[in-house]
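Have a look at the structure below, then the notes.
The values are calculated or read from the model by the stated rules, or taken from the named source; none is laboratory data. The shown structure was predicted, so the numbers you read here are calculated from the model rather than taken from an experiment. Here the Cβ is made from the backbone with ideal geometry for all residues, glycine too, and neighbour counts use every protein chain on show. The protein model used for the area step is the full one, side chains on, heavy atoms only, and it has no ligands, DNA or RNA in it. Shrake-Rupley method; radii C 1.70, N 1.55, O 1.52, S 1.80 Å.
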Amino acid sequence: MLQEKYYPNKEHIKNASIKSMDEYNELMNAAKEDYEGFWGKFANEKIDWIKPYDKVLDESEAPFYKWFIGGKLNVAYQCVDRHLKTKKNKAAIIFEGDNGDKRVLTYLELAYEVSRTANMFKNEFGIKKGDRVVLYMPMIPEAAISMLACAKIGAIHSVVFGGFSAEALRDRIVDAEAKLVVTSDGAFRKGSPYMLKPVVDEALSKDCECVKAVCVIERNGEDVNWVAGRDYSYNELIKSQSKYCESEAMDSEDPLFLLYTSGSTGKPKGVQHSTAGYILWAQMTMEWVFDMKDNDTYWCTADVGWITGHTYIVYGPLAAGATTIMFEGVPTFPDAGRCWKMVEEYRVNQFYTAPTAIRLLHKMGADEPKKYDLSSLRILGTVGEPIDPPAWKWYYEEIGRSKCAIVDTYWQTETGGHMISPLPFATPIKPACATFPLPGIMAEIIDENGNPTPIGEKGFMCITKPWPSMIRTIWNDGERFAKSYFGDCKKDGKPVYFTGDGAMIDEEGYMTITGRTDDVINVSGHRMGTAEVEAAIKKHPSVAANAVVGKPHPIKGEGIFAYVVLKGEDNFATEAETIKEINEIIKKEIGAIALCDDIVFVPDVPKTRSGKIMRRILRSIAKGEEITQDTSTLEDPTIVRKIEEIVRSCKL
Ligand code: PRX
């Protein structure tokens, strides 16, 4: 059945960066005809090279691709200093705190802050090119400043989301062998202070010898513990730093940052991004997908701890010379009209958020948008999870007033930037559909054998050619990188990148993402490995075995559903107590984002004779679906009915 289409708003086409599907097709054809020429042209146009590159793409060590070989550049220069010629007094970052406090940093002020911080990292902490710096930060300008300061001196940052626990933080610090941790006392959320520094203290309390110093920014003014010789005040040290700092000439392929994300095994992966390829695509997609114009004010509600915060709060907008809003608070405080109030106040032109937030704001404040003037909006974006048609419709009609383009942007930590997305004033949009690959991105939906899947059938979303902003490797684990993303499937003799997502193509070539095909669940747009949660649950002394799956959730997209087998002799524990204890452990090991929505105690989990847990069956039971899978290969086929009965009786 052909889906309804929404055509681009004519008012904005004239000035759009890509104006029609003909223009889109021209770009795509240019990429197909001369792939290196296509990317080389944009790299020449968009990047302020310190030294031009010699070669666009080196595929000789595939899948370890190299882009813009021989080139020298600096990402902080690209994002900040180069704009001083034309927009030194333009707002670069507009910050709004949880309590409504405001701060604006112009490009000139940002340049000085970045240089001061870079000098502090170098002079006070001895940070050099290639050193790793972990940032455990709230959403304050210093988070962006610290990222750019690292880029300025060639240090590799690894931002750890502030919701992760001390254990999770320690794992990431140790894996990256970070020398410096930058954090704050804490910040504000929903009108109250919360703390970050104590989490860092706990993370560093054991097995973290690599960390030589902790640099603490004052944000909420609460008392914190101070370790002499290790902890230093950012606010004090910054005072004596020079506001001028030379930008380190970085190689195109030098790592810009690591960002840890979940995979299908217990250990998070340090996704390593490059310098030139990453910043090029961050900037290009800002211009194509968000149609960034000089006078625009752009707001992405993500957290800097996730890739969306990296590419579409900090690097992309600043590389494009835009004004980017950073918001410390939550969209529902003091009420569900907060975002719309801010859109009105700052005259926001592009608003980018996750479907979970849209569902929540719809549920909590369906009429809130009506109270505000949202006429400045031109583009609405979504990211992180599939958006359902009712949420899409509310976003389109109530927020966009049926005049804005909705860009459903599909991408991943590993892709660095958008892969599949409508172009706001070119693509006829189908609701809840990511539509087409962006120009230059060779995405295909294929089956297990590498053949394109027929129309309307689910297949694997793959990218068949390397692209500049792709993951370069997993930090310290090239083997895992090659294995995780480039299975055995080849196209034209070259490895194919597997995203891990399922997708479908329709009769008009539109692509819809159907969700993960591996053991990764997506809770409120946050990616969670089932193995990570299982490893945490296993730490409870009464737990013999457990299996975790995702279950559809009306707001969060997916919730976490755990099947837990207790040890025989541990039946003394009451279920409610054990559930509480298990969730406490999860909170300690990973963080509150991984808390289980449902925990059921079962006599066993369904396993094949070779011991593999049949998660598909468990997913079906959690959803209350009829079991259609073949259960004859199970070690104990009767277990399925037993679990079904337990789940039914729990009325989950
Ligand atoms: O499953 C896809 C889903 O989010 C995963 C990537 O998660 P992460 O690396 O944390 O990055 C999130 C922000 C880019 C993908 O593998 N995903 C992302 N965007 C969409 C999506 N699923 C459906 N539609 C999207 N637009």
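Points worth noting:
- Between residue 21 and residue 635, the distance separating the two model label sites (each 7 Å from Cα on the Cα→Cβ line) works out to 5.3 nm.
- Of all DSSP beta bridges in the chain, antiparallel share, percent nearest 5: 60
- The sum of -39500 (n - 2.57) across all DSSP H runs of n ≥ 4, divided by the residue count of the chain, sets its helix-only mean residue ellipticity at 222 nm to -8500 deg cm²/dmol.
- Extending 7 Å from the Cα toward the beta-carbon at both residue 54 and residue 226 defines two label points whose distance is 5.2 nm.
- Gyration tensor verdict on the chain (Cα atoms; rounded if a/c is under 1.5, prolate if a/b is larger than b/c, oblate otherwise): rounded
- Solvent exposure of segment 524-610, expressed per residue, is 42 Å² of accessible area, with all protein chains present and a 1.4 angstrom probe.
- Cα-based reach from residue 607 at 16 Å (exclusive), listing lysines while leaving out same-chain residues under 8 positions away: 642
- Highest-first arrangement of 611-623, 172-184, 436-448, where packing means the average Cβ count within 10 Å: 172-184, 436-448, 611-623
- Accessible carbon and sulfur surface of segment 1-150 relative to its total accessible area, %, 1.4 Å: 49
- Percent of beta bridges antiparallel (DSSP, segment 520-650, rounded to nearest 5): 80
- Of all accessible heavy-atom area on segment 520-650, the percent that carbon and sulfur account for (1.4 Å): 52
- Modelled FRET efficiency - R0 41 Å, residue 644 with residue 488, Cβ distances, 0.05 increments: 0.70
- The residue 397 and residue 625 beta-carbon pair, evaluated with R₀ = 35 Å, returns a calculated FRET efficiency of approximately 0.65.
- Extension gain, residue 514 back to residue 375 (0.36 nm per residue minus Cα-Cα distance, nm): 46.8 nm
- Per residue, in Å², the accessible surface of segment 254-313 once ligands and nucleic acids are set aside, probe 1.4 Å: 19
- In this label model, residue 14 and residue 90 are separated by 2.1 nm, measuring between points 7 Å along each Cα→Cβ vector.
- Förster radius 22 Å - calculated FRET efficiency between residue 233 and residue 205 (Cβ-Cβ, nearest 0.05): 0.60
- Links that overshoot a 29 Å alpha carbon limit, given the list 128/197; 551/588; 269/293; 14/87; 55/152: 269/293
- Between residue 455 and residue 190, full extension at 0.36 nm per residue minus the direct alpha carbon distance yields a gain of 90.7 nm.
- Across the accessible surface of segment 172-319, with the other protein chains kept in place and a 1.4 Å probe, carbon and sulfur atoms take up 46 percent.
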